[in-house]
Amino acid sequence: MSLECMGRMFVALFNLFFMSPSLSLIAAGVVAKLASDMDFINGLEDQVKEYLNSTTANIGTSNNGINDLSITEYLDGMALIFIISGCVLFFLSFCGCCGALCNSKTAMTIYAMIITVIFVAEIIVVILLYAANTIQDAIKDVLFESLENYKGLGNFDVTTLGWMFFMKEMNCCGVNGYWDFNSTHTDNWRKPGLVSTHLDAPIVCCVTEPLSPSYTDTSCAREETCDIHTQGCFAAVWDAIMGNSLITGTVFPVAFVFQLLLIIFSCMLIAGHKDKKQTGGSVYVD
């Protein structure tokens, strides 16, 4: 079997395989749009609402707005990303299959160009992620801007509810830590409900839920007796994804190798088309 034939089979099989994930992404996007009917999503919402209702009752603050917590509001944006990503991946896979199986020079050229651009972009992103803090800083800036609108228990606007949900589920506090809340536009979170003295961290960051608004029970949110989740939310997500050795040590390198092979074989097939055209051999369909 010639190297060109092997390359054709590799490109075709690889893209046939990735047509399924592309359709799965589109399906996931549709499901995310309909997430309000999913038991798993409703279960998460109920857990957080129960925690918030219990905490607000214990410290004597209003729970108006807790029932407005809706994960689906945040999933709408993700749904659109999934659908667009799925469509792009399907188009890319289709071009790869069409170029390899149907001898379409145009499809193969488009495929090779897109794969090359994606490969170069991924290398740049990885370099920026690990060698520089450009992307990390940009993400943190967005998070800090959002955190500034945090108001604490008793003020259940979308931003506040979103941060409460995220910190509760990820067992984290702030962007880098609880001190980030010093930059909020309001200090309402420092003295929620019947709490007698100012807090240094939001109640929702406490490891153990306060049972009353007393000084002792709310001491978890004070610097001298701090008992909160110390990890920042950015680090929690970063560690879960980029700190996973399976992802960074296996998935990323394998993905890069496969993409590099796809680029090499695609260019080989395009070059093979030119050679055959010059010698009068079989020709691609343009």
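Note on segment 140-237: with charges restricted to the Cβ of Lys and Arg (+1) and Asp and Glu (-1), its dipole about the Cα centre is near 120 debye.
Expressed in nm to one decimal, what extension gain is obtained for the pair Thr216 and Cys5 from 0.36 nm per residue of sequence separation less their Cα-Cα distance?
Numbers: separation 211, 0.36 × 211 = 75.96 nm, distance 7.43 nm.
Result for the pair: 68.5 nm of gain on full extension.
Once you sort the root eigenvalues of the Cα gyration tensor of segment 140-237 as a ≥ b ≥ c, which label holds: rounded (a/c under 1.5), prolate (a/b larger than b/c) or oblate (the other case)? Walk me through the intermediate numbers first.
Values: a/c = 1.73, a/b = 1.36, b/c = 1.27.
It comes out prolate by the Cα gyration axes.
As an exercise, use a Förster radius of 30 Å and the Cβ-Cβ distance of Asp141 and Ile118 to find the FRET efficiency, rounded to the nearest 0.05. If you can, show how the numbers build up before the last one.
On the way: r = 26 Å, r/R0 = 0.85.
That gives a FRET efficiency of 0.70.
Each label point was placed 7 Å from the Cα along the Cα-to-Cβ direction; for Glu223 and Met19 their separation is 6.2 nm. Just want the ordering: Tyr51, Tyr150, from fewest to most Cβ atoms lying within 10 Å of their own Cβ. Ascending number of Cβ neighbours within 10 Å: Tyr51, Tyr150. In order along segment 161-176, phi translates into HN-Hα couplings of 4, x, 5, 4, 4, 5, 5, 5, 6, 9, 6, 10, 8, x, 7, 9 Hz, rounded to whole numbers, per the Karplus curve 6.51 cos²θ - 1.76 cosθ + 1.60 with θ = phi - 60° and x for Gly and Pro. Each of Gly193, Met164, Thr208 was placed along the dipole of segment 140-237 (beta-carbon charges, centred on the mean Cα), and the one lying farthest toward the positive end is Gly193. Taking other Cβ atoms within 10 Å as a rough exposure proxy, Ser85, Ser266, Ser62 sort from fewest to most as Ser62, Ser85, Ser266.
Going by C-beta contacts inside 10 Å, put Cys97, Cys226 in order with the fewest on the left.
Numbers: Cys97 21, Cys226 16.
The fewest-first ordering by Cβ neighbours comes to Cys226, Cys97.
The Cα trace of segment 70-211 gives Rg and Dmax of 22.6, 76 Å, the first to one decimal, the second as a whole number.
In this structure the amide hydrogen of Gln231, modeled in the peptide plane, comes within under 5 Å of the amide hydrogens of Cys173, none closer than 5 places in sequence on its chain. Segment 190-205 and segment 107-180 have Cα centres lying 27 Å from one another.
Taken together, the values in this text are just the output of simple stated rules run on the coordinates, not laboratory data. All figures in this text were calculated on a predicted structure; none of them were measured in a lab. No Cβ is skipped: glycine too gets one built from the backbone with ideal geometry, and neighbour counts run over all protein chains shown.
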